[in-house]
């Protein structure tokens, strides 16, 4: 019996959410209104798009990326995308950095350095 993809994604999300509460994130002080751990949690709708550069980015993902980047800071968004929690959830930082562009966020800071990655 083949397991539907939506259930596999749900299981991955549940693992991601469970891990998010257990791990400490480098750069957690980068987020003014909470920790990078809690911001990583909020990026759960971006999980598939951050693993596959050809996956469609959901509107909910784009809204969260824009919200964190505007209301928190780019360093907070960066800390969340590069966190240990994101890594454990299978997030590829190089692909995650393409999400603002894939969301057509026109005021994104092209060339912003996020660790070893640069925002396209």
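The values are calculated or read from the model by the stated rules, or taken from the named source; none is laboratory data. Remember, predicted model here, so these are calculated numbers, not experimental data. So basically every Cβ, Gly included, is an ideal-geometry build from the backbone, and we count neighbours across all protein chains shown.
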Report task. Name the residue, out of 74, 10, 82, that is within 24 Å of residue 103 (Cα to Cα) and modelled with pLDDT under 55. Result -> 10
Query raised in the report: Which ones in the range 72-97 are surrounded by fewer than 18 Cβ atoms within 10 Å (Cβ to Cβ) and part of a loop (DSSP other than H, G, I, E, B)?
Result: 73, 90, 92
Requested in this report: Could you list, in sequence order, all residues of the range 31-64 that are in contact (Cβ under 8 Å) with a residue 40 or more places away in the chain and either more than 12 Å from residue 81 (Cα to Cα) or in a loop (DSSP other than H, G, I, E, B) (or both)?
Outcome: 31, 32, 43, 47, 49, 50, 51, 52, 53, 57, 61, 62
Query raised in the report: Right, residue 105: assigned to a loop (DSSP other than H, G, I, E, B), free of Cβ contacts under 8 Å to residues at least 60 places away in the same chain and out of contact with any strand residue (DSSP E or B) (no Cβ under 7 Å at 6 or more places or on another chain) or not?
Result: yes
Report task. Those residues that are touching a helix residue (DSSP H, G or I) at 6+ places or on another chain (Cβ under 7 Å) and more than 21 Å from residue 59 (Cβ to Cβ), I need them from the range 91-110; list them, please. Result -> 93, 109
